[in-house]
1. With the condition being among the hydrophobic types (A, V, I, L, M, F, W, C), at negative phi and over 33 Å from the mean Cα position of the chain (by Cα), I'd like the helices (runs of 4 or more DSSP H) fully within the stretch 374-481 carrying at least 2 qualifying residues.
2. Kindly indicate which of Gly369, Gly415, Gly379 is over 24 Å from Cys584 (Cα atoms), of a type outside the set (Asp, Glu) and open to solvent by less than 30 Å² (accessible area, probe 1.4 Å).
3. Can you name every residue in the stretch 342-358 that is open to solvent by 20 Å² or more (accessible area, probe 1.4 Å), in contact with a helix residue (DSSP H, G or I) (Cβ under 9 Å, 6 or more places away or on another chain) and under 15 Å from Leu696 (Cβ atoms)?
4. Does the stretch 36-44 include one or more residues that are within 28 Å of Tyr85 (Cβ to Cβ), among the acidic types (Asp, Glu), in contact with a strand residue (DSSP E or B) (Cβ under 8 Å, 6 or more places away or on another chain) and open to solvent by 20 Å² or more (accessible area, probe 1.4 Å)?
5. Could you grab me the full set of residues in the stretch 466-484 that are touching a residue at least 40 places away in the same chain (Cβ under 8 Å) and under 24 Å from Ala297 (Cβ atoms)?
6. Given the structure, is Gly337 free of Cβ contacts under 8 Å to residues at least 60 places away in the same chain and among the small types (Gly, Ala, Ser)?
7. Just give me the residues in the stretch 346-373 being among the charged types (D, E, K, R) and either on the phi > 0 side of the Ramachandran plot or outside any strand (DSSP E or B) (or both), in sequence order.
Amino acid sequence: QSATMDSYNDSVIEEQFEITYLEDGVTITYTMGKLAESLMLPEAISQERFLLYTEQMDASAQKKFTRNYILVDVAGGLTSTTQEYPDQYPGYGESSFYVLRGSVKDYLKEEMAGYLAEAGYTPEDYQQDKAESGAQDAENGDPWFTIPLTYRLEENSLVVSIDPEAVSYNEEGFYLVDIDMLPYFGAVDQAEGYLFVPDGSGALIYLNNGKTTAPSYYAMVYGQDESRRMLGKTQSEVDAALTIKLPVFGLKADDQAFFAIIEDGAGYADISADIGGRLTSYNNVYAGFSYLQYGPAALSDMVGASNSYQLYSSADFTGNYQIRYQFLTGEEADYSGMAACYREYLEGMGILARHEGEENLPLYTEYIGAIDRYKTFLGVKYKAVQPLTTFAQAEEIAGKLTELGVRNQKMIYSGWMNGGLHGTAAMKVKAVGSLGKGGVSVKKLQQDMAGLGIDTFMTVDMQYVYQDKLLDGYSTMQYGPGYFDNSDVTVSHDRCADGSADKTLANLISPYYAGKVAGVIGKAASRSGWNGINLGSASWYLYSDYLENRYTDRQKATLLYGESFASLEGNVGKMMGDNGNVYCFPYVDYMINAPLYSNGYQILDTDVPFYEMVLHGYIPYAGEAINMADDYRTTLLKSVESGAGLYYKWIYGDNSLLKETDYDYLYSVHYGALLQTAAEDYRSVAQALDGLENQLIVRHDKLEEKVSRTVYEDGTTVYVNYRTEPVSCDGVTIDARGFLVRKGSE
């Protein structure tokens, strides 16, 4: 059963807190719970501990204290008065102990508790004596928690932190699972403004927006943990590609704002936001942190019962919980100012560096090499590798794009190794032989493209294992992540009808082995002279491994993936992220599948390209593959609004090769149907955005409904109109479903 305590009602009111002054701040230690409401006077205490504390008292206090306790002399012999106590307090066994007399008045108890406190008796000592007594209600006792919260002023920031290893509580009967930090910091009731949450590209919740029937906002930083939701009965409604990528949040109220950065412990964190008028009159946004990881286990798996119980991880922390609050005023007090704050912070931390030497808009083209599909021979059904785009065919398409005026191609090659798109684990790296038809190998592909000035990125999956074959270097027992009950964590294929899990789609490689996999990939890249690598799902997909011998929570996983990316530098050429979380930013040169939208929760009011405002001028990026989008034109316009390059996912073969396979989600991917359109759209967008790749986006505004304005640091302004009719505003007229660019010099 779960319950919530807070520092005000359960600590401050009871005056159970201590303030320690620091050179640049304070630490407030809160003690919360029933412990704060009761006297720290043990009903029973061992003879040894009784004497330890009474010896610290003066003679008068010692006399008064001692005469109100009864010695239960187990070894020397029990009396008619004391013979019942060993059964009441079985924890002492054959040892002697003292019991508080039942006739002691309350005022004397208060006085005696004061004597104990002066002798150094603490809440922890009280709980220790309660547990040692073995009394029937002593095992669980009352819930109490002691949490130190440190506030520091650093230049223009307020830094708030909790050291999880300094937290203590009654572990005999309770588990501390989550800590929300400063939930009402900066909260406002009546003001003009919004809450900013980093959902997908970023989103705003207008203050007091009236959506009191909508659920409040809650999302885990870096998305849901597959290892914790694996026993869920239905598919998550959250689009995994549009989760929180940046551990930040903020609030704007009139001409003031604060912007918060989760500096440490982001892998444990979640972000919540709510409007006034539902639970309170306040609009607030804040972060929480998981103290212990936990999840259910079904008894039916072991003994056939229908009930379940909770399993908990050990308290194995990889850092503190730390949030930095920065403050904005005037024209800077909005999400554009927040983006500028975060850019400066990331650049100062060495996480981002300005991009130089490439001004033309990139066109990202991903080619799918091969898949596995069923075929028949003499009526016998078997699974075989089906080539979709050979290396030579990829070169052919790249050549056609060059002829059509595309000046800055980025080639991404997926499904080229270990059996194709859904292949075996990257414990070995072997190219699909049938893709080398035409005399082009992986090495020659790299050389040919480099000669044309085209960057090539070979996609390698460091996480998913779709096929587990003998002698492939992988086994789930050795390398797969585990759940609390030691069962394997897998990715399921979900039924379309009800979203329930149908069958295992793939196994996974534990993040504990990220460095090992990176080592294999680095050696293969060095041998074949790769010009670049696409990190794929490792850029964003974050899960835990709860097996005790290699326990890796998501915070530790972020560090391990960062180390593995760093180890690849120098061996793989340039690196490309895919829908990347912030911990991959220091290592990647390009990014695809940057989120252009939010998850669209009911409480959200509008999307903003915050993610792109942070990256532009540092890491060139593209949104989702336009030919795979629900609405081609809208996604094209979103790319223009966000300063993104254009991205297409193609195969050389016919679309029919994907019918009745596990890859039928890849529709409209035959390159021939869109080659001319892609080239025309690229030329149109490039004409407007060329020369801006190295520029920062300094401002973004919603001018009217479905009309946006993006401003670059050289003054260039891009207007986008999503309406079906022309719009005149800000001194310009934008065509229906079109865009207009006003150069900085105009």
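1. Working: elements: 391-403, 442-451, 476-479.
Qualifying helices (runs of 4 or more DSSP H): 391-403, 442-451.
2. The conditions single out Gly369.
3. First, the residues of the stretch 342-358 that are open to solvent by 20 Å² or more (accessible area, probe 1.4 Å): 344-345, 347-351, 353-358.
Those still in the list that are in contact with a helix residue (DSSP H, G or I) (Cβ under 9 Å, 6 or more places away or on another chain) too: 351, 353-354.
Listed by number, the residues that qualify are Ala353, Arg354.
4. Yes, that holds for at least one residue.
5. Within the stretch 466-484, Tyr479, Pro481, Gly482, Tyr483, Phe484 meet the criteria.
6. Numbers: free of Cβ contacts under 8 Å to residues at least 60 places away in the same chain: no; among the small types (Gly, Ala, Ser): yes.
No, not satisfied.
7. Selection gives Glu347, Arg354, Glu356, Glu358, Glu359.
A quick yes/no check of all residues on (1) under 26 Å from Leu568 (Cβ atoms); (2) in contact with a helix residue (DSSP H, G or I) (Cβ under 6 Å, 6 or more places away or on another chain):
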{"residue": "Asp372", "(1), (2)": "no, no"}
{"residue": "Gly379", "(1), (2)": "no, no"}
{"residue": "Thr424", "(1), (2)": "yes, no"}
{"residue": "Leu445", "(1), (2)": "yes, yes"}
{"residue": "Val465", "(1), (2)": "yes, no"}
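The values are calculated or read from the model by the stated rules, or taken from the named source; none is laboratory data. Computed from a predicted model, the values in this text were never measured in an experiment. Positions of Cβ are backbone-derived with ideal geometry, glycine not excepted, and every protein chain shown enters the neighbour counts. Accessible surface areas use protein heavy atoms only, side chains included; no ligands, DNA or RNA. Shrake-Rupley method; radii C 1.70, N 1.55, O 1.52, S 1.80 Å.
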